[in-house]
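Here, each number is a calculation from the coordinates, and none is a lab measurement. Since the structure is predicted, the reported quantities are computational estimates derived from the model, not experimental observations. Because the Cβ atoms are built from the backbone with ideal geometry, glycine has one as well, and the counts that use them run over all protein chains shown.
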C-alpha cells in the first residue's frame, strides 16, 4: 500500500508549479485524518489527549488539532517556559512545560502567568528544582504548580541497563515519595500532576517492512517494558495519593504508545505530537498507523551524471543519535536514495534515481519528510496548507513569527 496516495508526486508537483523552492507544506486532509485517528485510540479508555507542541511548532496547526479533535484533546505539553507564555498570550491554556528550567527569565514568566491565573505547570525531577522554584513562588506570593517527572525507562538487569531516554532521576517509588515529601515542606510550590514518557515504547518502530524477525524481537521487549512500567507507575501514583498529593493529571506516553499507555489505569491522559505530521521515524508501528501529512520540497538544479539529480539545499538533519535515518527522507518520487559519501547537504543534496522514476527536469521538485516532526517548522518561516489537492493558504511557523524557543 502506498502511504502517500496514488499519484501523490504528480499531484503535489502540479499544486506547486511555479512556486519558489524550498517550501514546506501540510496536507490538511491527511492531517485531519490523523487527528481523528488519535482521538479514536482513546475512544474506549476515557483518557484525554495532551498535544505535544514541540512536534508542531505552528500556532494555527496547534489550534486546528483542538478545533477538529473536539473534547478528546485537552491541554498542551510545551517544551519551554517562553513557548508557554507565547501560547497563553495567543489564547491557549492548560499547559505543562515538560522540561525543567531554573533560569531567572523562566521563573519570572512562571510567576507572572501564575499570578494572572494561567493553568500552568512545570516539571521537576530533583530537590534543587524544588528549592529554586519554592524561593521564586514564596518571594512573589504565589503558589507554583509542579509536575513530577518520573523516569519510565526499562531496567531489566537493574542499574547496569537503561533502555529509554535519560530524563528524570526519579525512577522508584521511594524516590518519588522523597520528592513529594520535600515539596510538602516548602512554601510557594505544590505538586498537581505527574508525567512519565516511555520513549522506548513511544518512539521505537516495530513494524519495519521486510524485518519480521527484528520486529518480533522489538515487540517482545516492548511488551515486557510495558508490563514493568505499568506496575511501577501505578505503585508510584497510588503512594503519592496516599501521601495526600492531589494529582489532577497523570500524563504518559507519546504517539507510538497511544494504545498501550491508554490501557494504563493510573494514567489520566496520553500525549500525541508526531502523530499529526507522521514524519519518517514515526512511520512503522505495530499498534498505530498515521498518514504522512507534512513535507518539504526542493528543486532539482543539477544532473551531474545519468541516474543522479542534485537538489538545492536539504541538510535538515533530525536530532538524536547520528545515523542515516536522521536525514530527511526523500519520499516523492518514491525510491530516491542518498549518495553514501554526501548525504543531505547544506546547499545541495544529490540523489540516485530508481529505474522506474518519472522523468525529472531542471526545476522539478523532489519532496521529503523530516525524520522527526519538530524539525520542519524550525527550517521554514511559513507552511503552505493544502486541502483537496489545492493550496488554501499559508500560515507562519513559530520561526515565521520571530520565535526560536530552543
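Quick notes
- Tail weight of P(r) past 18 Å, computed on alpha-carbon pairs of the range 113-223, percent: 59
- Considering only 390, 30, 359, the Gaussian network model of the chain with Cα springs below 10 Å gives its largest mean-square fluctuation to 359.
- Between the Cα long axis of helix 28-41 and the first principal axis of the chain there is an angle of about 40°, rounded to the nearest 10.
- Of all the options 166, 64, 33, the one that moves most in a Gaussian network model of the chain with Cα springs shorter than 10 angstrom is 166.
- Ratio Rg/Rh, restricted to the range 26-112 and using Cα atoms, in which Rh is the Kirkwood radius: 1.02
- Here the spin labels are modelled as points 7 Å beyond Cα on the Cα-Cβ line, and at residue 105 and residue 339 they lie 4.1 nm apart.
- Degrees between helix 104-115 axis and first principal axis of the chain (Cα, 0 to 90, nearest 10): 70
- Global geometry of the range 294-397, whether rounded, prolate or oblate, following the gyration tensor of its Cα atoms and the 1.5 cut on a/c: oblate
- Extension gain, residue 248 to residue 388: 0.36 nm times the residue separation minus the Cα-Cα distance gives 46.3 nm.
- Förster radius 60 Å - calculated FRET efficiency between residue 401 and residue 155, Cβ distance, rounded to 0.05: 0.90
- Two-site FRET efficiency, residue 11 against residue 323, from Cβ-Cβ distance with R₀ of 35 Å, rounded to 0.05: 0.65
- Antiparallel bridge percentage (DSSP; both residues within the range 91-164; nearest 5): 10
- Residue 112/residue 347 FRET efficiency (R0 41 Å; Cβ-Cβ; nearest 0.05): 0.45
- Distance between the pseudo-spin-label points of residue 36 and residue 263 (7 Å out from Cα toward the beta carbon): 2.6 nm.
- Protection proxy ranking of 340-353, 290-303, 96-109, 205-218 - average other beta-carbon atoms within 10 Å, highest first: 290-303, 96-109, 340-353, 205-218
- Tensor-based shape of the range 185-291 (alpha-carbon gyration tensor, a/c under 1.5 rounded, otherwise prolate or oblate): prolate
- DSSP-defined beta bridges in the chain - what % are antiparallel, rounded to 5: 45
- Label-reachable residues, the range 269-288, where backbone N falls under 17 Å from a point 7 Å from residue 74's Cα toward its Cβ: 269-272
- Ranking of 395, 268 by neighbouring Cβ atoms within 10 Å, starting from the fewest: 395, 268.
- A straight chain from residue 308 to residue 43 at 0.36 nm per residue would run longer than the Cα-Cα distance by 90.6 nm.
- Going by neighbour counts of Cβ atoms within 10 Å, the residues 197, 12 line up, fewest first, as 12, 197.
- Each Cα pair under 8 Å and six or more residues apart adds its separation to the average, and for the chain the resulting relative contact order is 20 percent.
- Approximate spin-label separation residue 220-residue 359, in nm, with each point projected 7 Å along Cα-to-Cβ: 5.2
- Compared with the dominant principal axis of the Cα atoms in the chain, helix 127-140 is inclined by about 80°.
- Of all beta bridges that DSSP places with both ends in the range 88-243, some 5 percent have antiparallel geometry.
- Computed helical MRE - 222 nm, the chain, DSSP H runs ≥ 4 contributing -39500 (n - 2.57), nearest 500: -9500 deg cm²/dmol
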